[in-house]
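So the structure is just underneath, and the comments pick up after that.
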Amino acid sequence: MRGALTAAAALALSPGIATAAAVERIIVVPAPGRVALTLDSAVYEGAREDLGDLRLLDAAGTEVPYLVERAFDESVRPEQRPNIVNRAFTRGRQAEATLDFGGPTLKSQLTLTLSGDNFRRRVKVEGRARDDPRWATLTDSAYVFAVPGPAPARYETVALPENNFPVLRVTVYNGPDDPERTEILEASTRPAEKRRPREVKLAPRLTRTEDARARETILTLDLGARHQPFRGLALDVADPVFFRGVVVEARLDPPPPREGAPGLPLAWRYLGECALYRYDEAGTLREGLRVDVTGRERVLRLRIRNRNDHPLAIRGATAFVPVERLVFEARPGSQYRLRYGDLRLSAPTYDLARTAGDPALFAARAQPAALLAPQAMPVAPPAPPPWTERSPLLLWMGLVAVVTALGAVTWRALRTAG
């Protein structure tokens with residue numbers, strides 16, 4: 001039942017793998033000098049996921065070097081655990097600890113490990129420089145949760161404003177029915193390589209189904225392009241008070257089946273999970289509606305765990321899309337076009353990548369350029385296979401003739417010798 005529901009939702013949102021065709025797009029350059037193109041959904045639909053097939057050409061068809069300001073590194077960043085000092089607690093009220101990362105550490109989240117297996121606790125996180133005694137508040141309204149079995153779950157990751165404080169102070173306030181003493185056992189983060197890019201909102205196409213057996217609401221989101229980058233999702237929920245766990249997955253499109261063979265079933269890849277909540281705490285609204293997941297996908301699935309509660313009244317969803325740009329130096333009087341979609345090309349290597357430094361800084365003062373609509377390009381047919389593969393029968397006939405001739409020569413030589 002559950003497989004049928006999710007498959008139906010996914011099939012309603014452009015199933016199958018689109019075959020990319022090579023296209024060209026004219027670039028409207030405002031003036032000579034450094035210019036930047038903002039990559040759009042047409043690029044993410046037609047180009048490779050790594051953007052290695054992008055080629056910038058001038059009017060003569062000469063390749064022009066460029067830099068791409070990518071939003072994030074695709075690799076999984078290593079976890080870093082700070083040194084935890086000054087653990088303390090106030091009985092019946094709170095636990096706190098100081099986290100020392102050893103030096104400036106760029107981060108936008110903190111994962112805690114707390115005592116207990118059934119709780120709802122508010123978290124306050126402050127930061128400071130090593131030589132500054134003043135604490136700056138990063139958040140004082142985050143919540144962490146532990147849900148007991150059956151199907152136990154823990155949601156202990158706290159989203160933070162991007163910061164590079166080397167020292168954090170974490171305060172976890174006791175929740176309802178907590179024991180008098182709670183503890184902060186561990187903490188970790190995954191340091192970022194560079195600062196977060198600017199984000200814009202994208203309204204995905206949404207399909208909703210209910211899986212009564214699993215007690216889950218399934219939201220299927222189509223972001224509109226095969227390799228659309230995203231950095232987070234948010235839901236618009238009408239319910240005044242709620243708590244739900246949500247799992248986010250990406251659709252894995254099966255390869256096209258051989259002629260006459262049945263198609264393979266859809267598969268999904270786990271991206272992450274968190275808690276969605278809204279509370280009224282002493283007249284103050286506390287809510288968390290954003291899911292911080294990153295990737296480059298077209299179709300996402302959100303499995304909202306309702307348990308024994310009624311499904312939420314979800315009015316819509318928003319994807320947060322990073323702005324990625326292609327930057328190059330435009331010469332006076334030159335015209336340019338962008339070509340992509342030829343999957344046979346390898347990623348280019350330019351000296352500009354080693355001499356320009358940080359692509360974000362290189363693009364900081366660039367003038368915005370515009371991309372016109374894609375125009376299909378003829379793609380040269382693939383090279384024909386070798387003659388030996390195209391005519392195997394003739395090859396074997398030739399081999400048989402050679403072996404026969406050699407056998408005849410050998411037989412004659414032996415007969416003469418005899």
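The values are calculated or read from the model by the stated rules, or taken from the named source; none is laboratory data. As the structure is a prediction and not an experimental result, all values here were calculated from the model. All Cβ positions, glycine included, derive from the backbone under ideal geometry; neighbour counts span all protein chains shown.
The table for this structure:
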| item | result |
| --- | --- |
| Selection count where residues are part of a loop (DSSP other than H, G, I, E, B), of a type outside the set (Gly, Ala, Ser) and surrounded by 14 or more Cβ atoms within 10 Å (Cβ to Cβ), scope the range 350-365 | 1 |
| Answer residue from the range 109-129, given it is touching a Gly at 6+ places or on another chain (Cβ under 8 Å) and of a type in the set (Lys, Arg) and is surrounded by the most Cβ atoms within 10 Å (Cβ to Cβ) among those | ARG121 |
| Among the residues listed as PRO262, PRO254, PRO229, the single one being surrounded by 13 or more Cβ atoms within 10 Å (Cβ to Cβ), modelled with pLDDT under 90 and outside the structural domain of ALA95 (by TED's automatic domain parsing) | PRO254 |
| Yes/no for ALA347 being loosely packed, with under 11 Cβ neighbours inside 10 Å, touching a Gly at 6+ places or on another chain (Cβ under 6 Å) and under 19 Å from LEU56 (Cα atoms) | yes |
| Answer residue from the range 369-410, given it is at pLDDT below 70 and either among the small types (Gly, Ala, Ser) or more than 57 Å from the chain's Cα centre (by Cα) (or both) and is surrounded by the most Cβ atoms within 10 Å (Cβ to Cβ) among those | SER391 |
| Residues of the range 141-162 satisfying the condition of being acidic (Asp, Glu) and assigned to a loop (DSSP other than H, G, I, E, B) | GLU156 |
| Residues of the range 246-280 satisfying the condition of being in a strand (DSSP E or B) and more than 17 Å from ARG303 (Cβ to Cβ) | ARG278, TYR279, ASP280 |
| Cβ pairs under 7 Å, 6+ apart, first in the range 267-293 and over 16 Å from ALA234 (Cβ atoms), second exposed (fewer than 14 other Cβ atoms within 10 Å of the Cβ) and aliphatic (A, V, I, L, M) | ALA267/LEU252; TRP268/LEU252; ARG269/LEU252; TYR279/VAL241; ASP280/VAL241 |
| Candidate set: the range 78-108, residues that are within 26 Å of the chain's Cα centre (by Cα) and not in a loop (DSSP other than H, G, I, E, B); chosen: the one surrounded by the most Cβ atoms within 10 Å (Cβ to Cβ) | LYS107 |
| Near pairs, Cβ below 8 angstrom, 6+ apart or cross-chain, from the range 36-53 (assigned by TED's automatic domain parsing to the domain that holds GLN375 and assigned to a loop (DSSP other than H, G, I, E, B)) to any residue that is crowded, with 21+ Cβ neighbours inside 10 Å and β-branched (Val, Ile, Thr) | LEU51/VAL43 |
| Count of the range 309-333 residues which are among the small types (Gly, Ala, Ser) and assigned to a strand (DSSP E or B) | 4 |
| Count - residues of the range 54-75 that are more than 20 Å from PHE362 (Cβ to Cβ), of a type outside the set (Asp, Glu) and touching a residue at least 60 places away in the same chain (Cβ under 8 Å) | 2 |
| Test result for ASP211, more than 24 Å from the chain's Cα centre (by Cα) and over 30 Å from LEU361 (Cα atoms) | yes |
| For ASP131: the one exception among (1) free of Cβ contacts under 8 Å to residues at least 12 places away in the same chain; (2) in a strand (DSSP E or B) | (2) |
| Filtered residue count, the range 277-306, keeping only those that are closer than 17 Å to ARG208 by Cα and over 21 Å from the mean Cα position of the chain (by Cα) | 2 |
| Odd one out for GLY341, checked against (1) at positive phi; (2) exposed (fewer than 14 other Cβ atoms within 10 Å of the Cβ) | (2) |
